[in-house]
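Could you have a look at this structure, given as structure tokens, before my questions?
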Amino acid sequence: MKVLVISHYQATKTVRPEAELFIGLKKQGYEVHIMTAGSSFYIDRFKSEGLTVVDFHPTKRFDRTEIQFIRNYIEEQEIDIVHLFNGMAIVNGIQAAKKTKAKIVLYRGFAGHINWYDPSAYFKYLHPAVDRIMCNSIGVKNYLDRQLLWRKYKAVCINKGHDLKWYDEIPAFDLNKLGFKTDSLKLVCVANNRPMKGISYLLKAFNFIPADRNIDLLLIGKDLDIPEHLEIIKDNPLRNRIHFLGFREDALSIVRSCDVFVLPSLWGESITKAVIESMALKTCPIITDIPGNVELVDDGENGLVVPKASAEALAEAILKIYLQPEKRSMFAERSYNRIGGKLNISNTISKVDALYKSLF
């Protein structure tokens, strides 16, 4: 079976689960063709594993020349399945494939911004030519089911899988270099500043934590030290224990060296990759009860789950972990095992293989 994938592979670790999926399918006997920019990080690896790489990615929506290029490739190579992963690829890829023999599969990793009453949605996820939509969480599938109406069969939940071996290569960071107390409980949050991330609630949580608690919070990501956030903590006795580290290339090394990963998200996310990575690095998770992420953590089993938009609930969870180090270690170990089991890349390869075969 011949599969054409159109996606970006510019980053390194962020694209790894997707890239390794198609390398795995190649090993299962699929003939895999990858359309991506020629500067993509994974090109050499794709080629070394026998995948065909085409130096192309659409840059304009509904561009006739680009659509024709994709259609010609589908027809000349007799492609059976076109798998599309981003907005530009989806819009142009559907137009290119819709009158060919190829089946069309899309990827969706976000719960929101698709509505059955929005005409523009019918150029993408609600287009009648789309055969299946690979959803990265049950939360995304449930959201799409409500928009697909009588075509709910199109949405299929398949998590992007990981391999614990990928994380063996990540060294621990020496936090002494950042001047932290060696015996403190170190919380870490990795997120860029977007309203959906709920960072203000995490900062407000420190208003409910006694000043004598030996706790540090490390915030890693872009634009987290905005005036609004600094205003929240300016009168807090613990303000000097809250550290804005900015964007860090070595974020995962820092996560490995911390005790607890906290993500106070409010809406919209699927299964957040940062949470998966922290679990694979044996860092105890505290998350909010939004769809998607709750599929990763069972409250009291492998971490703690708190109501979204509740600074007080976040503080209670942090203090519980602070006072029960044995549970923290147990949650970290169980989270690590969950990634190795439920979210293993081999499971993803098997499920995508079954999805493709179901189309014929």
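Across the stretch 81-91, what is the number of residues that are in contact (Cβ under 8 Å) with a residue 60 or more places away in the chain and in contact with a helix residue (DSSP H, G or I) (Cβ under 8 Å, 6 or more places away or on another chain)?
Result for the stretch 81-91: 4.
A further question follows. Inspect all residues belonging to the stretch 58-77 and state whether any of them is modelled with pLDDT of 95 or more and under 25 Å from D168 (Cα atoms).
Checking the stretch 58-77: not a single residue is modelled with pLDDT of 95 or more and under 25 Å from D168 (Cα atoms).
Among the listed residues H83, H127, which satisfies the condition of being closer than 25 Å to T52 by Cβ and modelled with pLDDT of 95 or more?
Just one listed residue meets the conditions, H83.
Quick check on my filter: what residues within the stretch 14-71 are buried (at least 17 other Cβ atoms within 10 Å of the Cβ), basic (K, R) and farther than 20 Å from I345 by Cβ?
Across the stretch 14-71, the qualifying residue is only R71.
Go through E228, E269 for me and flag whichever is closer than 29 Å to N337 by Cα, in contact with a helix residue (DSSP H, G or I) (Cβ under 9 Å, 6 or more places away or on another chain) and charged (D, E, K, R).
From the options E228, E269, the qualifying one is E269.
Report yes if D55 is touching a Gly at 6+ places or on another chain (Cβ under 8 Å), at negative phi and of a type in the set (D, E), otherwise no.
Values: touching a Gly at 6+ places or on another chain (Cβ under 8 Å): yes; at negative phi: yes; of a type in the set (D, E): yes.
Considered against the rule, which asks whether it is touching a Gly at 6+ places or on another chain (Cβ under 8 Å), at negative phi and of a type in the set (D, E), D55 comes out as yes.
Scan the stretch 96-118 and report the pairs whose first residue is at positive phi and whose second residue is modelled with pLDDT under 95 and surrounded by fewer than 20 Cβ atoms within 10 Å (Cβ to Cβ), with Cβ atoms within less than 8 Å and a gap of 6+ or a chain change.
G112/W267; G112/G268
Same structure again: Please pick out the residue among L266, L245 that is in contact (Cβ under 8 Å) with a residue 12 or more places away in the chain and touching a Ser or Thr at 6+ places or on another chain (Cβ under 8 Å). If you could, list the steps in order and put the result at the bottom.
Numbers: L245 fails: touching a Ser or Thr at 6+ places or on another chain (Cβ under 8 Å).
Within the list L266, L245, the selection yields L266.
Which of the residues spanning the stretch 53-71 are farther than 14 Å from H33 by Cα and either among the polar types (S, T, N, Q) or part of a loop (DSSP other than H, G, I, E, B) (or both)?
Correct list: P58, T59, K60, R61, F62, D63, T65, Q68.
Kindly provide the set of residues from the stretch 25-46 that are over 30 Å from R248 (Cα atoms) and either in a loop (DSSP other than H, G, I, E, B) or not acidic (D, E) (or both), ordered by number.
Selection gives L25, K26, K27, Q28, G29, Y30, V32, H33.
The values are calculated or read from the model by the stated rules, or taken from the named source; none is laboratory data. Note that the structure is a prediction, hence the values are computed from the model and not measured. So basically every Cβ, Gly included, is an ideal-geometry build from the backbone, and we count neighbours across all protein chains shown.
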